[in-house]
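The values are calculated or read from the model by the stated rules, or taken from the named source; none is laboratory data. Please read these numbers as outputs of a predicted model, since none were measured by experiment. So basically every Cβ, Gly included, is an ideal-geometry build from the backbone, and we count neighbours across all protein chains shown.
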Amino acid sequence: MTAGSYHTVVMDPPWRTASTGPNSVPCGGKISRNLDYDAMSDSEIAAFPIDKFAAPKCSLFIWSTHKKLPVAMSLLDTWGFKYYFLFTWAKRGGLTMQGIHRSTEFAVFGYRGPYPLSYTAPALPAVFGGSSGRHSEKPATFYKMLRAKTPPPRIDLFARRPHDGFDSWGDQAAGLRQ
């Protein structure tokens, strides 16, 4: 695939949180565990060369937690995408932090160029389910939904595992289709 040729881009940024440090995540309250990938600051993520992957006419889905949602929304503007919709993943499980059970994550959907989603096939649900795998692994349900509605070629940036119909890129993509 040549640079800037993907029509559908999914990105799960390796968010760094101030409360957990550069490569750790909260686990069971105040305890934290090390991540098995390198986290990035908000400014490092904003400086990510998205145009190396995203075509001029492209869909972009950015995964976000509640805390990082304002940053994810601002990335659309930074990278020249128009915000369109917020998809919600209702996880089976999740963490309880500061008295709130955080059992949802979001996929912020933006695009540039003409509206990119197919009007055929079933409509995408605003809220969808799916099991959690290891930390930051996204549900296969989401990728199945996108295969039905978005044009190829597709790429999953910072992929935790391969998904049919998507190329993979990131420091954990060794052994994944790239």
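Check the range 150-161 and report whether any residue there is surrounded by 16 or more Cβ atoms within 10 Å (Cβ to Cβ), of a type in the set (A, V, I, L, M, F, W, C), touching a residue at least 12 places away in the same chain (Cβ under 8 Å) and farther than 20 Å from Asp42 by Cα.
Within the range 150-161, one or more residues are surrounded by 16 or more Cβ atoms within 10 Å (Cβ to Cβ), of a type in the set (A, V, I, L, M, F, W, C), touching a residue at least 12 places away in the same chain (Cβ under 8 Å) and farther than 20 Å from Asp42 by Cα.
So which strands (runs of 3 or more DSSP E) stay within the range 125-178 end to end and still have 1 or more residues that are modelled with pLDDT under 80?
127-131
Of everything in the range 102-146 that's hydrophobic (A, V, I, L, M, F, W, C), under 21 Å from Ala39 (Cβ atoms) and touching a Leu at 6+ places or on another chain (Cβ under 7 Å), which residue is surrounded by the most Cβ atoms within 10 Å (Cβ to Cβ)?
Only one residue tops the list, namely Val108.
Among the residues of the range 103-124, write down those that are within 17 Å of the chain's Cα centre (by Cα) and without any contact (Cβ under 8 Å) to a residue 24 or more places away in the chain.
Once the filter is applied, which keeps residues that are within 17 Å of the chain's Cα centre (by Cα) and without any contact (Cβ under 8 Å) to a residue 24 or more places away in the chain, the range 103-124 yields only Ser103.
Only one residue in Ser74, Ser118 is at pLDDT below 95, in contact with a helix residue (DSSP H, G or I) (Cβ under 9 Å, 6 or more places away or on another chain), of a type outside the set (A, V, I, L, M) and not in a strand (DSSP E or B), so which one is that?
Unique residue meeting the criteria: Ser118.
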